[in-house]
Amino acid sequence: ELVKSVFWIFKEKDIAPEEKLRLAMVGHITSLVKSIDNVNVFISEMRYLSHKNRKKYDEIRKKYEIGLVRIIDEIKKRDGSLFRRMDSKIVAYGIFGMCNGVGRWYKKDGKLQAEEIANIFYRMIMAM
């Protein structure tokens, strides 16, 4: 589900990179919370994946990383003050960490919905 909810964004040419980043974060967090129990089990038990399944997971994760780094690079080109003198890969890892961390504390009946959390994270990142 995460792949479907995010990967289409990487191919879009008619969306501003800032909006691509926001949509990617919304897609990531929204799909994560839809299957929060499964995601948390997967993360904690990932080390037990077979070599074949681990390789498949790593390939998908690498494609996601490349897509996110490209969006960050596009933003840097459009607005030289955003992410200035920051390594795009490290920025991407920070975004992954923020988004994935939601799975540790998110409550479906909590104060904020997944999209609202993603938008708050997005505004935090873009304000730096």
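The values are calculated or read from the model by the stated rules, or taken from the named source; none is laboratory data. Remember, it's a predicted structure, so these values are computed and weren't measured experimentally. Ideal geometry is used to build each Cβ from the backbone, glycine not excepted, and the neighbour counts take in all protein chains shown. With ligands, DNA and RNA removed, areas are computed over all heavy atoms of the protein, side chains included. Shrake-Rupley method; radii C 1.70, N 1.55, O 1.52, S 1.80 Å.
Would you be so kind as to identify which of TYR64, LEU49, TRP8 lies farthest towards the positive end of the dipole of the chain, taking Lys and Arg as +1 and Asp and Glu as -1 on Cβ and the Cα centre as origin? Result: LEU49, furthest along the dipole toward the positive end.
Helix 51-78: angle to the longest alpha-carbon principal axis of the chain, degrees 0 to 90, nearest 10? Helix 51-78 and the main axis of the chain meet at about 20 degrees.
For LEU112, LEU68, the ranking by accessible surface with the largest value first comes to LEU112, LEU68, using a 1.4 Å probe.
Accessible area ranking (1.4 Å probe, heavy atoms, ligands and nucleic acids excluded), largest first, for TYR93, TYR48, TYR64: TYR48, TYR93, TYR64.
Using heavy atoms of the protein chains and a probe of 1.4 Å, the accessible area assigned to GLU74 is about 70 Å². When the alpha carbon gyration tensor of the chain is reduced to an equivalent ellipsoid, its three semi-axes come out at 24, 19, 13 angstrom, largest first.
Give me the percent of the accessible area of the chain that comes from carbon and sulfur atoms, probe 1.4 Å, all protein chains in place. Answer for the chain: carbon and sulfur cover 55 percent of the accessible area. When only alpha carbons are used to place a centre, the stretch 76-128 and the stretch 13-65 end up 14 Å from one another.
The charge dipole of the chain, taken about its Cα centre with unit charges on the Cβ atoms of Lys, Arg (+1), Asp and Glu (-1) only, comes to about 380 debye. Rounded to whole numbers, the Karplus 3J(HN,Hα) couplings from phi for the stretch 17-27 are x, 5, 6, 4, 4, 4, 5, 4, 5, 4, x Hz, using 6.51 cos²θ - 1.76 cosθ + 1.60 with θ = phi - 60°, and x at Gly and Pro. Pairs exceeding a 24 Å alpha-carbon distance, out of LYS20/LYS89; LYS11/LYS56; LYS4/LYS52: none at all.
Could you do me a favour and compute the accessible area per residue for the chain, 1.4 Å probe, result in Å²?
Details: 8330 Å² over 128 residues.
That works out to 65 Å² for each residue.
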